[in-house]
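The values are calculated or read from the model by the stated rules, or taken from the named source; none is laboratory data. Computed from a prediction, not measured in an experiment: that's the story for all the values here. Quick reminder, even Gly has a Cβ in these numbers, built from the backbone with ideal geometry, and neighbours come from all protein chains shown. For the accessible areas, the whole protein counts, side chains as well, though only heavy atoms, and no ligand, DNA or RNA atoms are used. Shrake-Rupley method; radii C 1.70, N 1.55, O 1.52, S 1.80 Å.
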Amino acid sequence: MASIFDRLGGRGRVYDLAKGVYDLMEVDADLGKFFKVEFDVEKLTRRTADFLEGEWGGDPFQSANTGASLLFQAHSRVGVTNADYDKMLKMYDIIGKKMRSEEQLRKEILKDLERLRDPIVDPHRKHREKWMKANAISSADEANWKKEAELVRQKELERKEKLANFRREKKKREQLEKKIQQEREQQKQDATAKQMGSPEEDDTEEAADCAAP
């Protein structure tokens with residue numbers, strides 16, 4: 001049987017799949033937290049597409065690390081949960097349907113992505129413990145990283161809240177300015193109409209003139 005890569009349609013289609021999923025993730029209420037303002041989503045999309053191409057039968061992915069080690073290190077500070085991963089898998093299926101990929105192919109893609117869950121989520125910390133031991137990293141170092149990550153997360157939440165407030169206030173100002181402009185336009189129209197006089201007023205004055213002795 002042909003590879004997933006070939007059946008999907010090659011490099012461009014793999015990229016389209018990855019891009020579609022990241023587009024959904026970026027605006028998602030839960031998964032959007034992984035995308036910071038300075039985050040290069042396009043670079044991430046290309047790297048993910050290259051990785052999936054290698055996994056699915058295309059050109060091998062070029063990296064110093066491979067397999068579980070690569071996936072763990074790429075996601076070790078992200079904090080992906082099983083719930084996050086489940087949601088991402090659903091997005092892959094959604095985009096696969098939009099791309100009109102056959103059902104059997106979509107099932108194979110989801111099955112292969114499920115295989116990658118363990119090093120990405122690392123629910124039992126086996127990949128983390130192995131990596132920490134290999135790099136002589138202490139529990140204190142890990143605790144400091146967690147503190148730093150939490151500070152970054154809090155700052156990102158504050159930034160998003162400030163941005164949301166700014167947009168709300170901007171919308172209010174625009175609506176108020178629009179209302180004021182409409183009122184001014186109406187006042188101008190009323191003033192113009194008053195200066196010109198209405199047809200009824202002109203007819204009344206003409207009749208009065210004709211009736212005068």
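Can we say Asp84 is open to solvent by less than 20 Å² (accessible area, probe 1.4 Å) and within 28 Å of Lys162 (Cα to Cα)? If you could, list the steps in order and put the result at the bottom.
On the way: open to solvent by less than 20 Å² (accessible area, probe 1.4 Å): yes; within 28 Å of Lys162 (Cα to Cα): yes.
Taking the combined requirement at face value, the residue satisfies it.
Working only within the stretch 87-121, note down all residues that are free of Cβ contacts under 8 Å to residues at least 24 places away in the same chain, open to solvent by 70 Å² or more (accessible area, probe 1.4 Å) and part of a helix (DSSP H, G or I).
Lys90, Lys97, Glu103, Gln104, Lys107, Lys111, Arg115
Which of (1) over 16 Å from the mean Cα position of the chain (by Cα); (2) buried (at least 18 other Cβ atoms within 10 Å of the Cβ) does Tyr15 not meet, given it meets every other one?
(2)
For residues that are of a type in the set (S, T, N, Q) and closer than 17 Å to Ala49 by Cα, tally how many sit in the stretch 95-116. Steps first, answer last, please.
Within the stretch 95-116, the subset of a type in the set (S, T, N, Q) is 101, 104.
Now restrict to residues that are closer than 17 Å to Ala49 by Cα: 101.
Adding up the residues that qualify gives 1.
State which residue pairs qualify: first residue over 15 Å from Asp59 (Cα atoms) and inside the stretch 1-21, second residue of a type in the set (Gly, Ala, Ser) and buried (at least 18 other Cβ atoms within 10 Å of the Cβ) in any location, beta carbons under 7 Å apart, and separation of 6 or more residues or different chains.
Note: pairs meeting the criteria are Leu17/Gly96; Ala18/Ala49.
Is the stretch 185-199 home to any residue that is surrounded by 10 or more Cβ atoms within 10 Å (Cβ to Cβ), acidic (Asp, Glu) and either more than 30 Å from Asp6 (Cα to Cα) or modelled with pLDDT under 85 (or both)?
Looking through the stretch 185-199, at least one residue is surrounded by 10 or more Cβ atoms within 10 Å (Cβ to Cβ), acidic (Asp, Glu) and either more than 30 Å from Asp6 (Cα to Cα) or modelled with pLDDT under 85 (or both).
Tell me which residues, restricted to the stretch 35-88, are acidic (Asp, Glu) and modelled with pLDDT under 80. Step through it out loud before you land on a result.
Filtering the stretch 35-88 for residues acidic (Asp, Glu) gives 38, 40, 42, 50, 53, 55, 59, 84, 86.
Matches in the stretch 35-88: Glu38 only.
Those residues that are within 19 Å of Val152 (Cα to Cα), part of a loop (DSSP other than H, G, I, E, B) and of a type outside the set (A, V, I, L, M), I need them from the stretch 29-57; list them, please.
Asp30, Phe35, Lys36, Glu38, Phe39, Asp40
Residue-by-condition table, conditions (1) under 19 Å from Ala49 (Cβ atoms); (2) of a type in the set (A, V, I, L, M, F, W, C):
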site: Gly79; (1), (2): no, no
site: Leu89; (1), (2): yes, yes
site: Asp93; (1), (2): yes, no
site: Asp118; (1), (2): no, no
